[in-house]
Amino acid sequence: MSKLTYDDKIKLYNDRKSGMSVSSVSKKYNVSMNVVNDLISLVDKHGFGILRTTKNRTFTPHEKERIINRVILNNESIRSVAIDEGLLSKGMLQNWIKKYTEMGYNIVERKRGRPTMPKVTKKKNNETDKEKIKRLEEENLYLKAELEYSKKLRAVVQARKNQQQKKK
């Protein structure tokens with residue numbers, strides 16, 4: 001399957017609307033019939049502006065969870081939800097659902113860019129007692145915050161699991 005350009009997608013849409021069959025359009029553009037049908041539905045619902053790919057569209061964790069819940073809780077089809085929400089492929093939504101269930105029904109944002117080293121304060125060989133105390137207090141504060149975060153995260157995950165078990 002080849003990647004379609006913006007112009008190809010417009011031509012594909014116009015060919016289909018001018019009366020060409022789905023199978024002939026799919027052969028002409030070397031894509032599957034499902035891609036043709038999804039593209040037609042997407043343009044009918046949102047217009048040609050949805051096809052612009054100058055900037056990747058991002059979704060907040062809240063939006064992702066709302067979209068995923070439409071499929072999981074409301075039993076809507078993945079294809080119809082993807083078209084309603086303006087997702088360019090249903091595969092994106094399938095990946096979200098897969099990761100959502102694997103992560104214990106939590107939305108985890110994928111980290112982008114190069115990994116960074118954690119902030120570590122370097123020990124100085126010739127630091128004074130005041131500097132040492134200050135450094136240790138900052139490190140202690142950081143570790144306390146990290147511990148609190150992990151406790152809250154664990155509590156949220158456990159609450160979600162209990163909630164899912166009650167629904168079953």
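Is one or more of the residues making up region 55-68 free of Cβ contacts under 8 Å to residues at least 12 places away in the same chain, among the basic types (Lys, Arg) and part of a helix (DSSP H, G or I)?
Scanning region 55-68 turns up at least one residue that is free of Cβ contacts under 8 Å to residues at least 12 places away in the same chain, among the basic types (Lys, Arg) and part of a helix (DSSP H, G or I).
Out of LYS3, LYS45, LYS11, which single residue is out of contact with any Cys (no Cβ under 7 Å at 6 or more places or on another chain), not in a helix (DSSP H, G or I) and not assigned by TED's automatic domain parsing to the domain that holds GLN165?
Among LYS3, LYS45, LYS11, only LYS3 is out of contact with any Cys (no Cβ under 7 Å at 6 or more places or on another chain), not in a helix (DSSP H, G or I) and not assigned by TED's automatic domain parsing to the domain that holds GLN165.
Any idea which of ARG114, ARG70 is outside the structural domain of GLN163 (by TED's automatic domain parsing) and either aliphatic (A, V, I, L, M) or surrounded by 10 or more Cβ atoms within 10 Å (Cβ to Cβ) (or both)?
None of the others qualify; the one that does is ARG70.
Just for region 86-114: of the residues that are assigned to a helix (DSSP H, G or I) and within 24 Å of ARG52 (Cα to Cα), which one is nearest to the chain's Cα centre (by Cα)?
The residue in question is TRP96.
With the requirement that a residue be modelled with pLDDT under 75 and either hydroxyl-bearing (Ser, Thr, Tyr) or loosely packed, with under 11 Cβ neighbours inside 10 Å (or both), what does region 101-111 give you?
TYR105, GLU109, ARG110, LYS111
The values are calculated or read from the model by the stated rules, or taken from the named source; none is laboratory data. It should be emphasised that the depicted structure is a prediction, and the values quoted were computed from it without experimental measurement. Heads up, the Cβs are rebuilt from the backbone with ideal geometry, glycines too, and the neighbour counts pull from every protein chain shown.
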